[in-house]
1. Kindly indicate whether F112 is part of a helix (DSSP H, G or I), in contact with a helix residue (DSSP H, G or I) (Cβ under 6 Å, 6 or more places away or on another chain) and more than 30 Å from I7 (Cβ to Cβ).
2. Quick check on the range 99-108. Is at least one of its residues of a type outside the set (A, V, I, L, M), touching a helix residue (DSSP H, G or I) at 6+ places or on another chain (Cβ under 8 Å), surrounded by 14 or more Cβ atoms within 10 Å (Cβ to Cβ) and within 16 Å of W24 (Cα to Cα)?
3. Where in the range 1-100 are there helices (runs of 4 or more DSSP H), lying wholly inside it, with at least 2 residues that are at pLDDT 95 or above and in contact with a Leu (Cβ under 6 Å, 6 or more places away or on another chain)?
4. Take the residues in the range 13-29 that are touching a residue at least 12 places away in the same chain (Cβ under 8 Å) and exposed (fewer than 15 other Cβ atoms within 10 Å of the Cβ), then tell me which one is nearest to S99 (Cα to Cα).
5. Could you check how many residues of the range 34-93 are closer than 30 Å to A11 by Cβ and in contact with a Lys or Arg (Cβ under 7 Å, 6 or more places away or on another chain)?
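The values are calculated or read from the model by the stated rules, or taken from the named source; none is laboratory data. Nothing here was measured: the structure is a model prediction, and the numbers come from that model. Positions of Cβ are generated from backbone atoms using ideal geometry, with glycine treated the same way; all protein chains shown enter the neighbour counts.
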Amino acid sequence: MSVLRFIFNLAWFIMGGLIMGLAWWLVGLLCFISIIGIPFGRACFVIGEMTFWPFGQESVNRKQLLGHEDIGTGTMGLLGNIIWLVFFGIWLALGHLASAIACFVTIIGIPFAIQHLKLALLSLTPIGQTIVNRSEA
């Protein structure tokens with residue numbers, strides 16, 4: 001199964017994952033300009049890495065994974081997600097949506113389009129989420 005995952009990840013990387021992963025990292029660099037944006041920037045780099053190689057990884061809510069609330073899963077996380085959505089989330093989601101539409105045009109690109117749609121949803125509210133292996137999810 002890991003060979004198939006590697007093949008899908010390699011094809012994904014070549015056919016669009018590189019561009020969207022770099023977009024996440026660019027947003028992360030922009031977030032690091034201000035001290036307040038550092039937690040957002042860190043999340044961008046983690047999700048950007050997932051965007052490079054998404055097959056075999058899942059995003060899960062930290063509250064469900066850990067069993068307790070933290071600063072990113074409570075009220076501050078909600079506020080952070082609203083700020084994120086206004087400044088960066090909508091643009092990353094539109095990029096993933098455009099990539100998904102381009103992938104849906106071909107039959108072979110449908111698994112990639114589904115991944116782009118998952119990442120588009122994640123890009124709208126990433127605060128309070130963490131990336132884990134599919135076996136841990």
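1. Working: part of a helix (DSSP H, G or I): yes; in contact with a helix residue (DSSP H, G or I) (Cβ under 6 Å, 6 or more places away or on another chain): yes; more than 30 Å from I7 (Cβ to Cβ): no.
Considered against the rule, which asks whether it is part of a helix (DSSP H, G or I), in contact with a helix residue (DSSP H, G or I) (Cβ under 6 Å, 6 or more places away or on another chain) and more than 30 Å from I7 (Cβ to Cβ), F112 comes out as no.
2. Looking for residues that are of a type outside the set (A, V, I, L, M), touching a helix residue (DSSP H, G or I) at 6+ places or on another chain (Cβ under 8 Å), surrounded by 14 or more Cβ atoms within 10 Å (Cβ to Cβ) and within 16 Å of W24 (Cα to Cα), one finds at least one in the range 99-108, hence yes.
3. Here the list is empty.
4. The selected residue is I19.
5. Qualifying residue count, the range 34-93: 4.
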